[in-house]
1. Limited to region 124-146, what total is found for residues that are loosely packed, with under 15 Cβ neighbours inside 10 Å and out of contact with any Pro (no Cβ under 8 Å at 6 or more places or on another chain)?
2. State which residue pairs qualify: first residue closer than 14 Å to S127 by Cα and inside region 63-82, second residue part of a loop (DSSP other than H, G, I, E, B) in any location, beta carbons under 6 Å apart, and separation of 6 or more residues or different chains.
3. Answer yes or no as to whether D97 is closer than 25 Å to A9 by Cα, surrounded by 14 or more Cβ atoms within 10 Å (Cβ to Cβ), of a type outside the set (A, V, I, L, M) and within 13 Å of the chain's Cα centre (by Cα).
4. Between D51, D35, D110, which is surrounded by 13 or more Cβ atoms within 10 Å (Cβ to Cβ) and either under 24 Å from A129 (Cβ atoms) or hydroxyl-bearing (S, T, Y) (or both)?
5. For Q90, indicate whether it is touching a helix residue (DSSP H, G or I) at 6+ places or on another chain (Cβ under 6 Å) and modelled with pLDDT under 95.
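The values are calculated or read from the model by the stated rules, or taken from the named source; none is laboratory data. No experiment lies behind these values; they were computed from the predicted model shown. FYI the Cβ positions are ideal-geometry reconstructions off the backbone, even for glycines, and counts take in every protein chain you see.
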Amino acid sequence: MPNVPLYRAHPWHGVSIGDDAPTVVTCYIEIVPTDTVKFEMDKASGILRVDRPQKYSNHCPTLYGFIPQTLCGDGVGALCAKALRKRKIQGDKDPLDVCILTDRPILHGDILIRARPIGGIRLIDNSEADDKIIAVLEGDDVYGGITELADAPQGIIDRLRHYFLTYKEIPGKQGSPRIKVASFYDRKTAYDVIKQSRQDYHANYSPPGS
């Protein structure tokens, strides 16, 4: 019988980031722009689950997910603190999020794609670093030629900013998480964040002696 795994790989721990990282990275997609609910990977099982319905009409304007075998840990938090000249910021202990620009309609998540980072968002969620890498789908006819965030359409950047400032708001409920889009950064900084998130991941999840 062929040597085929009996179980599907865990999207966070069992999928490779790719040999060309950080210039090209494998991404696991949780949300597409047509989704009216927020899907999120269950960390224990790796199965996509419903996190919550989106209460407002704004939807994520891009494909949204995370980069496998990454972690917003102490190192990513330190990079954020240094850039913002803050004393200390911790990472949110989640995989590194990614927003992917593409002209092609992709109708559902729970898929893997390859993308090229062009920059990122330094987002602070309740005093924790929650960086969002911005990338373009590899080979995309419209966005594939963009290499730097500064060359991306300003409209899509504005929509990303608005989405992340409002996506956790709940109508009629006070005390929503304090979210701040602190800054945007370029491709080189995105590479640095990805590399650091890899180090944070291995520091927390690699078995002893590996």
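1. Filtering region 124-146 for residues loosely packed, with under 15 Cβ neighbours inside 10 Å gives 126-127, 139, 141-142, 145.
Still in the running and out of contact with any Pro (no Cβ under 8 Å at 6 or more places or on another chain): 127, 139, 141-142, 145.
The number of residues fulfilling the criteria is 5.
2. Filtered contacts from region 63-82: C72/D92; C72/D94; C72/L96; G77/I89; C80/I89; A81/K88; A81/I89.
3. The answer is yes for D97.
4. On the way: D35 fails: either under 24 Å from A129 (Cβ atoms) or hydroxyl-bearing (S, T, Y) (or both); D110 fails: either under 24 Å from A129 (Cβ atoms) or hydroxyl-bearing (S, T, Y) (or both).
Checking each option against the conditions leaves just D51.
5. Details: touching a helix residue (DSSP H, G or I) at 6+ places or on another chain (Cβ under 6 Å): yes; modelled with pLDDT under 95: yes.
Yes; evaluated as a whole, the condition is true for this residue.
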